[in-house]
There are 2 protein chains.
Amino acid sequence: MSLLVTGTIGIDDVVTPTGHANQVLGGSCMYFSAASSFYGPVRIVAVVGEDFPPKFRESFSQFPGVDLAGLETRKGGKTFRWGCKYHTNMNSRDTLFTELGVVGEAPAKVPASYADSKFLFLANSPPAVQAGFIEQCPKRVLTVADTMDLWIQVAKDDLLALLKRVDGLVLNYDEAELLTGKMNSVSAGRHILELGPRFVIIKKGEHGCLLIHKDGICSLPAYPTERVIDPTGCGDTFAGGVMGFLASHKAADHDPGSFQSIRRALAHGTVVASFTIEAFSLDRLKEIKRADLDARFEEYASMVRV
Amino acid sequence: MSLLVTGTIGIDDVVTPTGHANQVLGGSCMYFSAASSFYGPVRIVAVVGEDFPPKFRESFSQFPGVDLAGLETRKGGKTFRWGCKYHTNMNSRDTLFTELGVVGEAPAKVPASYADSKFLFLANSPPAVQAGFIEQCPKRVLTVADTMDLWIQVAKDDLLALLKRVDGLVLNYDEAELLTGKMNSVSAGRHILELGPRFVIIKKGEHGCLLIHKDGICSLPAYPTERVIDPTGCGDTFAGGVMGFLASHKAADHDPGSFQSIRRALAHGTVVASFTIEAFSLDRLKEIKRADLDARFEEYASMVRV
């Protein structure tokens with residue numbers, strides 16, 4: 001079924017303890033769509049500036065499932081740019097700069113050809129902008145949003161309004177604590193369910209993820225790896241794997257938001273993210289095929305089996 | 001098969017964000033043996049002072065599997081005492097005081113009746129003392145040691161010598177980093193295997209555990225719980241569940257140190273520890289039966305299933 005993602009496409013500068021990458025392709029929409037394209041077609045709604053390099057545009061062709069009809073190139077606009085430096089343990093980072101460019105202007109519009117989209121992923125954006133995208137997708141059957149500490153701090157009312165309109169929320173461990181005031185991730189997750197969503201996925205980086213769903217709890221570790229090169233985009237590719245898997249299910253009576261569906265999807269998200277971290281930018285995802293994901297999925301499943 | 005544990009039995013003062021417990025029964029040997037007694041008999045080798053309260057001695061009767069023949073009460077000696085205060089998130093703590101008492105003197109001896117012990121768990125002690133216990137158990141088939149940052153810092157040579165004589169090592173995430181200089185837990189675990197053990201279990205508290213074994217890797221999350229009252233003893237009861245499960249296996253051709261054996265055992269350790277954290281001291285373990293462990297094991301297995 002049709003999957004649509006809204007978010008950023010940008011140019012990143014990333015410094016890690018093992019190296020650096022300058023002026024590389026990034027952004028939540030880019031990472032998400034590359035990951036979900038392993039499972040099926042994905043429609044992107046994003047905006048870049050006139051300065052968006054042709055070589056990056058060509059990069060999309062390496063992920064043939066990504067539909068670019070909703071990619072706006074804004075005349076006279078500047079592409080979103082972001083720089084960060086990871087700390088020694090790779091679990092935290094400092095943002096070095098953020099140049100919003102076109103991302104700070106009016107959001108892209110959902111093209112008419114996308115209005116029948118069934119699966120909607122709202123990558124991190126101001127909650128009011130995310131709500132605007134929901135309006136433009138009247139045929140949606142599963143809507144999931146990401147958010148960040150900034151919106152919890154400066155746009156909490158908008159975020160609370162958004163939570164009443166989504167099926168699921170994806171956010172980091174510390175963001176769940178910040179949103180709810182609960183220091184325990186199970187308690188924080190349960191609290192978020194009271195705010196509206198049917199499920200919340202709490203991301204814990206190298207420690208995996210926790211699903212708190214109205215119908216159950218699931219906890220999964222990350223794929224244990226030594227090849228940690230650049231964690232940028234892991235959260236977005238995790239979400240891309242989750243939503244890509246959910247949208248690719250064929251059964252007509254399938255409830256994509258059920259506990260069993262989301263639980264199964266988490267493992268796929270975990271596996272895609274485990275490839276993302278093995279190189280800078282999208283470099284590792286460009287190298288792999290669906291068969292590589294499937295092989296690691298089997299390996300992962302055996303690693304976490306009780 | 002016969003399981004023996006060496007370690008401390010002491011009196012703890014514990015402060016957590018939700019409450020406090022003064023002068024309660026504690027110590028690694030106490031926690032380990034209580035946990036492993038759900039699986040079968042366990043022999044303890046430990047020493048307390050003449051001041052060890054009779055009410056604590058009576059507590060042992062609530063764990064009928066614990067064999068006290070190796071519990072020495074040293075005349076004129078003082079029982080080990082330890083106090084700690086947990087930080088707000090319960091993931092870290094400050095030690096408030098440590099009064100070694102008899103634990104700082106000559107270690108207890110393994111009684112002659114224990115010399116045929118097959119399974120040996122060396123809870124945290126000076127590595128040279130741990131090595132001394134190995135000598136006293138010539139019939140051992142599986143020897144596993146715990147350690148801590150202090151010994152890595154002040155007795156590293158002794159610890160490295162010990163590692164050549166054990167089948168497995170259990171330690172915390174940050175201790176594995178300290179021992180190996182590796183910031184990645186998989187890399188740290190592989191490095192430790194080069195030092196001698198056939199497997200290493202890296203404990204990550206609320207984030208579960210990682211097994212690095214010569215024959216494979218396994219990662220398990222902790223049991224997701226909201227009832228976090230006191231984490232004291234979780235690591236020791238985890239180890240007690242692991243070793244208790246391994247020692248209770250009946251098959252004659254069973255290799256208790258194999259990847260599959262240890263992997264299965266980890267889930268049992270995880271489940272016992274999840275009860276420990278629900279109350280101060282051993283209070284929760286005193287309330288439950290093996291059937292409670294088994295029921296939560298099934299629940300846990302369903303929560304982590306991929």
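Given R₀ = 41 Å, what would the calculated FRET efficiency be for B:Gln260 paired with A:Glu50, taking r from the Cβ atoms and rounding to 0.05? Intermediate results must be reported in sequence, preceding the final value.
On the way: r = 59 Å, r/R0 = 1.44.
Efficiency, from the Cβ-Cβ distance: 0.10.
Where does each of B:97-103, B:72-78, A:276-282 land if you order them by average Cβ count within 10 Å, highest first?
In decreasing order of mean packing, B:97-103, B:72-78, A:276-282 become A:276-282, B:97-103, B:72-78.
Would you grab the residues whose amide H sits under 5 Å from the one on B:Leu4? Only those 5+ places off in sequence or on another chain, please, with H modelled 1.01 Å from N.
Correct list: B:Arg43, B:Phe119, B:Leu120, B:Phe121.
To one decimal in nm, how far is A:Lys250 from the same spot in the other copies, if labels go 7 Å from Cα toward Cβ? Please give the shortest first.
Those separations, rounded to one decimal, come out as 4.6 nm.
Choose one answer from B:Phe119, B:Phe238, B:Phe60: the residue with the largest mean-square fluctuation in a GNM of chain B with alpha-carbon springs under 10 Å.
Largest GNM mean-square fluctuation: B:Phe60.
For the stretch B:3-303, rounded, prolate or oblate, judged on the Cα gyration tensor with a ≥ b ≥ c (square roots of eigenvalues), a/c < 1.5 rounded, else prolate if a/b > b/c? Present the calculation step by step, with values, prior to reporting the outcome.
On the way: a/c = 1.21, a/b = 1.10, b/c = 1.11.
Rounded.
Using the Karplus curve 6.51 cos²θ - 1.76 cosθ + 1.60 with θ = phi - 60°, what ³J(HN,Hα) values do you get for each residue of the stretch A:211-218, in whole Hz, with x for Gly and Pro?
Taking θ as phi minus 60°, the curve returns 9, 10, 10, 3, 10, x, 10, 9 Hz for the stretch A:211-218.
Once the label point is placed 7 Å from Cα along Cβ, list for A:Glu299 the distances to the corresponding points in the other copies, in nm, shortest first.
Here A:Glu299 shows inter-copy label distances of 3.5 nm.
Ignoring everything except DSSP H segments at least 4 long, calculate the 222 nm mean residue ellipticity for the protein assembly as shown; use -39,500 (n - 2.57) per segment, divide by total residues, nearest 500.
Computed ellipticity for the protein assembly as shown at 222 nm equals -10000 deg cm²/dmol.
What residues qualify as long-range amide H neighbours of A:Val170, i.e. H under 5 Å apart, gap of 5 or more or another chain, H built at 1.01 Å from N?
Excluding prolines and chain starts, which carry no amide H, the hits are A:Ala145, A:Asp146, A:Thr147, A:Ile201.
What FRET efficiency comes out for the pair B:Glu226/B:Asp174, r = Cβ-Cβ distance, R0 = 25 Å, nearest 0.05?
That gives a FRET efficiency of 0.50.
Would you pull out the residues with amide H under 5 Å of A:Ala46's amide H, same chain only if 5 or more places away, H placed 1.01 Å from N?
Answer set, sorted by chain and number: A:Leu71, A:Glu72.
Evaluate the distance, in nm, between pseudo-label points positioned 7 Å from the Cα of B:Lys164 and of A:Arg57 along their respective Cα→Cβ axes.
In this crude spin-label approximation the distance works out to 6.6 nm.
So what J values fall out for the stretch B:67-73 if you push phi through Karplus, 6.51 cos²θ - 1.76 cosθ + 1.60 with θ = phi - 60°, rounded to Hz, Gly and Pro as x?
Once θ is set to phi - 60°, the couplings for the stretch B:67-73 become 8, 9, 4, x, 8, 8, 9 Hz.
For A:His87 and A:Thr18, compute 0.36 nm times the residue count separating them, minus their Cα-Cα distance, and round to one decimal in nm.
23.8 nm
Ordered by residue, what ³J(HN,Hα) values in Hz, to whole numbers, does the stretch B:39-46 give under the Karplus form 6.51 cos²θ - 1.76 cosθ + 1.60, where θ = phi - 60° and Gly and Pro are x?
In residue order, the calculated couplings are 9, x, x, 9, 9, 10, 10, 7 Hz.
Treating the point 7 Å from Cα along Cα-beta-carbon as the label, what are the nm separations from B:Glu58 to the other copies, to one decimal?
Distances between equivalent label points, in nm: 8.3.
Return the average number of partner chain Cβ atoms within 10 angstrom of each residue Cβ along peptide A:51-63. Numbers along the way, then the final one.
Working: counts 0, 0, 0, 0, 0, 0, 0, 0, 0, 0, 0, 0, 0.
Mean shielding count: 0.
For each pair in A:Lys75/A:Lys286; A:Lys78/A:Lys109; B:Lys85/B:Lys204; A:Lys78/A:Lys204; A:Lys109/A:Lys139, compute the distance between the two Cα atoms and list the pairs where it is over 22 Å.
A:Lys75/A:Lys286; A:Lys78/A:Lys204
No value in this document is a laboratory result; all are computed from the given coordinates. The structure displayed is predicted, hence computed values, not measured ones. Ideal geometry is used to build each Cβ from the backbone, glycine not excepted, and the neighbour counts take in all protein chains shown.
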